[in-house]
Structure formats: structure tokens, C-alpha cells
Amino acid sequence: MTTVLITGCAGFIGSTVLRQWLADTDWRLVGVDKFAYAGLRESIAPLLAHPRFSLQVADICDGPALHALLAREQPDGIVHLAAESHVDRSLNGPAAFIQTNLVGTAMLLEVARAHLETLPAARREAFRFLQVSTDEVFGALGPTGRFDEASPHAPNSPYSATKAGADHLVRAWHRSYGLPVLTTHSPNNYGPRQIPEKLIPRMIHLALQGKPLPIYGKGDNVRDWLHVDDHARALRAVLERGRPGETYCIGGGIELSNLDLVQQLCTLLDARRPADIAHARLIEHVTDRPGHDWRYAINGSKLERELGWRALQPFTQGLADTVDWYLDNPDWMARAWEQIQQSAPPVA
């Protein structure tokens, strides 16, 4: 590939993909973002002067803008990361999720299909459309087992339902029109530059202010965790070597309850920013949210077996490095917090 278009490039995963791929490949990267509340210019500002990166401000629901963009940039691949992605926000305002995650994906697929028809045979053969999805589309697990590529979609929130619908659209465009698509499912991501409506940066931000650390229910909901750098490497492996029409699950291999995770964060903060009381004493259990999936876990053996990928970041070190990044970048955190507070619904 020579040119790859990345939607949602200013988000947490998108900005990581940009930094990593600019460093590790010779590809020209075209980033697309509409800069809603989850897209921060600060996350990609150091990349704007890079000779192989160009930023395009556009909404994936804007068909004419996308047609013009693809005609101008001539991508050899599309990595589709743009999405509304927070369960709580989807419960309070599902319409935005339907618009971006369903309508936006359908628009992007149609524009990609039209673009593919303009390419010469060799480039058409090499073109790929990568749909970046989530484990949440599979619903909830019991105490045992892990999701894999054969797991049925059974979403339980407006967010996961719109992502599941987007996955089905991608499959349909492959089966109906021959669009060479790939789909990935990852667990919860963590790492630097994640906006503080997500669990880890939110807990860090609140703890540093001595505010309560709200945890839904008993805190026994279990999540599988994947460092965002490992995720970016996995996406590149799938884009380069994945088989069109196939799905690949990206396993983090780290299962923790929400309470265990927050307690680990508190221990790290106690060592780095000691306060009058231990940070864990700020933990406050609050009413559980509707339809809260109890457990997620992913079997990533297909990705490891077929494409040779495996997670490299040890969780203990990755979590400590993540805490250190937020402590070292208070201006970024303040700007991100301000941006999400200005968007609806408000975050406590």
C-alpha cells in the first residue's frame, strides 16, 4: 500500500495508529475527522508537519465530501475507526450513534465501492476496507468462555447495537458487491491520550482532585484489556495480511473486574501522588447502568495463528506508563476534560 485513509484519526486509537504507522511504514496517511468532542487536535498536533500525513476535516456522513476526498487522495486502503463509542452516552442519546455508526458507515462503504470501480486492476486487487469493531457487539459472557470469530452478534446497548449493525453492513457490501473488507473486534483499550470519559483516565482525573471514584454496582463486571499500541500493530497486520471477507478477534489476555482495575490505579497514584488519604478510599459504588454486560473476554488465537500477531505490552508496566503519561500531561487532560464537559450529556 502507498496511501491509507484513516477515519476518526484524532481519537484515541486513531491518533495512536497515525503515530505508530508513520514511524514504522513508508505509507502516506490521510486522516479524516470531524472533531466532535472525542477528537482532540492536541492528540495529532505533532504530526501535522509530517511529510507523509495530511489531515482532512470531514464528516463520514457527508457523501459528496467523501467522494471528493477519495477522488483527490486515491487511497489504497481505508481504516474505519470513526464512531460514537461511549455506552452511557448512547443510553442518553442514541440518535447520534445511529447517525454516525450506521449512516456514516453505510455512506463510507458506498463511497469506497465507487472509488474501487475507478481503480486499475492491480490496485483494485490490493485495496482493503478495514472495519474496526468491538467485543461489545457479542453481548455478555458468563464466568467462563471467550468470544471468537464465530460468536453471534447479540448487542445489549444502543452503542453496541449500532456497531453490530455497522459490522453487518460491512459484511453485506462484501457479499453483495465484492468490496474487499476486513473486520476486527478488540476488547477495552488503554494507554495515553484516551479521553477522560473512559474508565482509566476518568478515575485518574477524579482521584487527583480528591473526588469520589464512581463504580457501577459492585464493580465485579469483568473486562479484557489491550494496550492501544498492541491494537495499532494488530490493525496493521490485518490490513497487510488479512484475507478479504474475514473477521479477526484481537485478544488482550488481561481480565480484570472494574473494581480490581480501579484499585490498581489507586495504588499507582498513592505511590506517585500521595494524598491525605489512600486513593482507594475515594471509591464509591453507584447504581448500575441499564443493560450492563457482566463479562467480556476475547480468544485471539486466529490472529496469532494466521497473521503472527500477539500482544507485547505487559499489563502492569503498561498501566503504570499510562498513569505516568497522564501525570506528565496535565494540560492535555485539562483540555480533554473541558471538551467532554461541554458536550452532552455531562460527565460527573
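The values are calculated or read from the model by the stated rules, or taken from the named source; none is laboratory data. A quick note: this is a predicted structure, and the numbers were derived from the prediction, not measured. Note that each Cβ is placed from the backbone with ideal geometry, even for glycine, and that neighbours are counted across all protein chains shown.
Just need a number here: residues in region 34-54 that are touching an Asp or Glu at 6+ places or on another chain (Cβ under 9 Å), closer than 16 Å to THR7 by Cβ, at pLDDT 95 or above and not β-branched (Val, Ile, Thr).
Going through region 34-54 one residue at a time, the tally reaches 2.
Could you say whether any residue in region 308-324 is under 21 Å from GLY11 (Cβ atoms), of a type in the set (Asp, Glu) and surrounded by 13 or more Cβ atoms within 10 Å (Cβ to Cβ)?
Of all residues in region 308-324, those under 21 Å from GLY11 (Cβ atoms) come to 311, 313, 318-319, 321-323.
With of a type in the set (Asp, Glu) added as a condition, the list becomes 321.
Filter once more, keeping what is surrounded by 13 or more Cβ atoms within 10 Å (Cβ to Cβ): 321.
Checked region 308-324: at least one residue is under 21 Å from GLY11 (Cβ atoms), of a type in the set (Asp, Glu) and surrounded by 13 or more Cβ atoms within 10 Å (Cβ to Cβ).
Mind checking which helices (runs of 4 or more DSSP H) fall wholly inside region 265-348 and carry at least 1 residues that are out of contact with any Leu (no Cβ under 8 Å at 6 or more places or on another chain) and of a type in the set (Val, Ile, Thr)? Before you say what the answer is, go through the steps one by one.
Working: elements: 301-307, 315-328, 330-341.
Helices (runs of 4 or more DSSP H) meeting the threshold: 315-328, 330-341.
Condition check: surrounded by 22 or more Cβ atoms within 10 Å (Cβ to Cβ), among the acidic types (Asp, Glu) and under 28 Å from GLN339 (Cα atoms). Does ASP224 satisfy that? Don't jump to the end; show me each part of the working.
Details: surrounded by 22 or more Cβ atoms within 10 Å (Cβ to Cβ): yes; among the acidic types (Asp, Glu): yes; under 28 Å from GLN339 (Cα atoms): yes.
Yes; evaluated as a whole, the condition is true for this residue.
May I ask you to say which residue of VAL4, VAL17, VAL30, VAL57 is crowded, with 23+ Cβ neighbours inside 10 Å, modelled with pLDDT of 95 or more, under 24 Å from PRO196 (Cβ atoms) and among the hydrophobic types (A, V, I, L, M, F, W, C)? Step through it out loud before you land on a result.
Working: VAL4 fails: under 24 Å from PRO196 (Cβ atoms); VAL30 fails: under 24 Å from PRO196 (Cβ atoms); VAL57 fails: crowded, with 23+ Cβ neighbours inside 10 Å.
That would be VAL17, the only listed residue that is crowded, with 23+ Cβ neighbours inside 10 Å, modelled with pLDDT of 95 or more, under 24 Å from PRO196 (Cβ atoms) and among the hydrophobic types (A, V, I, L, M, F, W, C).
So ALA23 clears everything in (1) in contact with a Pro (Cβ under 6 Å, 6 or more places away or on another chain); (2) without any contact (Cβ under 8 Å) to a residue 60 or more places away in the chain; (3) not aromatic (Phe, Trp, Tyr) except one condition, right? Which one?
Checking ALA23 against (1) in contact with a Pro (Cβ under 6 Å, 6 or more places away or on another chain); (2) without any contact (Cβ under 8 Å) to a residue 60 or more places away in the chain; (3) not aromatic (Phe, Trp, Tyr), the one that fails is (1).
Considering only region 122-133, I want to know if a residue exists there that is buried (at least 16 other Cβ atoms within 10 Å of the Cβ), part of a helix (DSSP H, G or I) and touching a strand residue (DSSP E or B) at 6+ places or on another chain (Cβ under 8 Å).
As a first pass, look at region 122-133 and keep what is buried (at least 16 other Cβ atoms within 10 Å of the Cβ): 127-133.
Restricting the remaining residues to those that are part of a helix (DSSP H, G or I) gives none.
No, every residue in region 122-133 fails to be buried (at least 16 other Cβ atoms within 10 Å of the Cβ), part of a helix (DSSP H, G or I) and touching a strand residue (DSSP E or B) at 6+ places or on another chain (Cβ under 8 Å).
Residues checked against (1) under 25 Å from LEU327 (Cα atoms); (2) crowded, with 17+ Cβ neighbours inside 10 Å:
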{"position": "PRO201", "(1), (2)": "yes, yes"}
{"position": "ILE204", "(1), (2)": "yes, yes"}
{"position": "VAL228", "(1), (2)": "yes, yes"}
{"position": "GLY245", "(1), (2)": "no, no"}
{"position": "GLY251", "(1), (2)": "no, yes"}
{"position": "ASN258", "(1), (2)": "yes, yes"}
{"position": "GLN264", "(1), (2)": "yes, yes"}
{"position": "ALA271", "(1), (2)": "yes, no"}
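Name the residues in region 64-92 that are among the small types (Gly, Ala, Ser) and in a strand (DSSP E or B), would you? Explain how you work it out, then say what you get.
So in region 64-92, the residues among the small types (Gly, Ala, Ser) come out as 65, 68, 71, 77, 82-83, 85, 90.
Across region 64-92, the qualifying residue is only GLY77.
If you take the residues in region 80-97 that are hydrophobic (A, V, I, L, M, F, W, C) and more than 11 Å from GLU136 (Cβ to Cβ), which one is surrounded by the most Cβ atoms within 10 Å (Cβ to Cβ)?
Kept after step one, since they are hydrophobic (A, V, I, L, M, F, W, C), are these residues of region 80-97: 81-83, 87, 91, 95-97.
Now restrict to residues that are more than 11 Å from GLU136 (Cβ to Cβ): 81-83, 91, 95-97.
Numbers: LEU81: 25, ALA82: 29, ALA83: 24, LEU91: 16, ALA95: 10, ALA96: 16, PHE97: 25.
Only one residue tops the list, namely ALA82.
Which residue out of SER176, SER160, SER186 is at pLDDT 95 or above, of a type in the set (S, T, N, Q) and surrounded by fewer than 20 Cβ atoms within 10 Å (Cβ to Cβ)? Steps first, please.
Details: SER160 fails: surrounded by fewer than 20 Cβ atoms within 10 Å (Cβ to Cβ); SER186 fails: surrounded by fewer than 20 Cβ atoms within 10 Å (Cβ to Cβ).
The conditions single out SER176.
Looking at ILE200, is it aliphatic (A, V, I, L, M) and assigned to a helix (DSSP H, G or I)? Break it down into steps so the answer makes sense when it comes.
Numbers: aliphatic (A, V, I, L, M): yes; assigned to a helix (DSSP H, G or I): yes.
Answer is yes for this residue.
Here is a list of conditions, (1) in contact (Cβ under 8 Å) with a residue 40 or more places away in the chain; (2) within 18 Å of the chain's Cα centre (by Cα), and HIS174 meets all of them except one; can you say which number that is?
The failed condition is (2).
Quick one: how many residues across region 205-226 are under 24 Å from PRO187 (Cα atoms) and either of a type in the set (D, E, K, R) or not in a helix (DSSP H, G or I) (or both)?
Result for region 205-226: 14.
Considering only residues that are hydroxyl-bearing (Ser, Thr, Tyr) and without any contact (Cβ under 8 Å) to a residue 60 or more places away in the chain, which ones fall in region 45-96? Can you show your working first?
Going residue by residue through region 45-96, those that are hydroxyl-bearing (Ser, Thr, Tyr) are 54, 85, 90.
The one that is hydroxyl-bearing (Ser, Thr, Tyr) and without any contact (Cβ under 8 Å) to a residue 60 or more places away in the chain: SER54.
Looking only at region 1-37, which residues are touching a Gly at 6+ places or on another chain (Cβ under 9 Å), among the polar types (S, T, N, Q) and more than 17 Å from LEU108 (Cβ to Cβ)?
SER15, THR16
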